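Data block below; observations after.
Every read-out reported here was derived from the displayed coordinates using simple, explicitly stated rules and does not represent laboratory data. Bear in mind that the values here come from a model prediction, so they are computed numbers and not experimental data. With ideal geometry, Cβ positions are generated from the backbone for all residues, glycine too; neighbour counts draw on all protein chains shown.
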Amino acid sequence: MKPRQVLQDLRKTPPAAGYLFLGNEQFYRDRCRQAVYKAILGDQGSEGDGPAEFDLSECPIEELIDGARTLTLFGGDRLIIGRNAEGGLLRRAGVKAVPPPELKRYFASPTPGVTIILEAGRYDWSNRDEKKKIERVAKFYADVPVQVDLERLSAAEALSDAQSVAKRLGLAIAPDALTELVEMLGNNLSRISNDLEKLSLYAGKDKQVGHEDIELLVPEARQRGMFEFSEALARKDRGRALEVLDTLAQSGEYWPMQINLLAGLFRQALVVKEEGLGNPNQISSAFQKRGIRMWPARARQILAMARQFSLAELERALVKLFQADRDMRRERPDDRIIVEQLVVQLTI
């Protein structure tokens, strides 16, 4: 079941006896958990009414089931959360991870007024290897009545939800600026929502948020100037690279860090060149398998760099970047001169 369907059902019907949250999409996981909490305990639930929590990487699922079957002195509806539900699977790996019979018996006759949430948020649906692990976790907990698939949002879904969040906050934000924010944060709606709240507090009700405000408050956007610099290098546009260099120098950039960032882009372009990756989707997928998340604008930039430079030129550029980094570590270097010399060497 998709999380939006869970939220819709909870507005109409009481919570199910159990939910299995599968995947690491945080925004909708939190919303679903809060919706179940509200449905059980209402808006006025006190701290003492809070959910009982179990860490299933440390305790067996049977302990959680015992807690669900135990009647409380004061009665009333209860919520029980089992975090790190993958741990229940890993702890039984020696016995081929046989699904626990206690789980099937419990949900065949669950305790009235008790809802169990099992959270398995370690793995990513979009990663092929991790998807197989999620499927094994789903099979292990197949007796839980409702499975909620928390998959990463597409760009269109993230943008639509980001627009709803901005509207709820009363935040006026330029459409292209919001699109850029969604893209640079890799459709991570939890991060997007947090940054929109920061922008709302910063801008108030009267100011429209634009690219400059995002660059000021969102850490990822602060790399934008460096991206422009590297794009100019990718086109071998020496004049534009020196122009951006001047702007970055005036803003007080710490060049050793930026050289490391630039070297990372050239290393990634070298990988793209060596593996013959031909479009941004292939690049994002290839680096995701290496554990590196990459938003589309970054993938397009790396592709442009790989196309502009030959394999030998990329290797030579990495040598020059290493030398520039080494020179900046010497006593009292003039960082700007070193970077200007690097620009000349990379745009021959």
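Each helix, a run of at least 4 DSSP H residues, gives -39500 (n - 2.57); summed and divided by the residues of the chain, these come to -18500 deg cm²/dmol at 222 nm.
The Cα atoms of segment 260-335 define a convex hull whose projected area, averaged across directions, is 5.5 nm². 3J(HN,Hα) along segment 303-309: 4, 4, 5, 5, 6, 7, 9 Hz, from the Karplus curve 6.51 cos²θ - 1.76 cosθ + 1.60 with θ = phi - 60°, whole Hz, x for Gly and Pro. Note the angle between two axes, namely the Cα long axis of helix 224-234 and the longest principal axis of the Cα atoms of the chain, as a number of degrees from 0 to 90, rounded to the nearest 10. Rounded to the nearest ten degrees, it is 50. With respect to the chain, whose longest principal axis is taken over its alpha-carbon atoms, helix 3-12 is tilted by about 40°.
Annotation: amide H-H contacts under 5 Å for E53 (H modelled 1.01 Å from N, sequence separation of 5 or more, or interchain): I81. Computed from Cα atoms, the angle from the helix 280-289 axis to the main principal axis of the chain rounds to 60 degrees. With the simple spin-label model, which puts each label point 7 Å out from Cα in the Cβ direction, the E340 to D176 separation comes to 3.2 nm.
Could you work out the Kirkwood radius for segment 155-217, taking every pair of different alpha carbons, averaging 1/r and inverting it, reported in Å?
On the way: mean 1/r = 0.0894 Å⁻¹.
Kirkwood radius, segment 155-217: 11.2 Å.
Per residue, the average separation of C-alpha pairs within less than 8 Å and at least 6 apart gives segment 222-346 a relative contact order of 32 percent. Put in line by how crowded their Cβ is, counting other Cβ atoms within 10 Å and starting with the fewest, M1, M257, M184 read M257, M1, M184. Distance from the alpha carbon centroid of segment 271-287 to that of segment 139-213 works out to 27 angstrom. Remark on the chain: Rg and Dmax equal 25.5, 80 Å (Cα only).
A straight Cα-to-Cα reach below 27 Å connects K139 with the lysines K2, K96, K104, K131, K289, residues fewer than 8 places away in its own chain not being considered. Here the relative contact order of the chain, from alpha carbon pairs under 8 Å that lie six or more residues apart, stands at 16 percent.
Electrostatic tally near V36: other residues with Cβ closer than 13 Å to its Cβ, Lys and Arg +1, Asp and Glu -1, net +2. Please list, by residue number, every one of the GluC sites (Glu not before Pro) in segment 234-333 that is coil in DSSP and has at most 10 other beta-carbon atoms within 10 Å. Answer in residue order: E331. Rg and Dmax, both from the Cα atoms of segment 3-149 and both in Å, are 14.9, 47. Computed over neighbours whose Cβ is under 12 Å from that of L321, the net charge equals +1, Lys and Arg +1, Asp and Glu -1. In this structure, the amide hydrogen of F21, modeled 1.01 Å from its nitrogen in the peptide plane, lies closer than 5 angstrom to those of L118, E119, A120, V148, counting only residues at least 5 positions away or on a different chain.
Taking every alpha-carbon pair under 8 Å whose residues sit at least 6 apart, segment 107-246 reaches a relative contact order of 16 percent.
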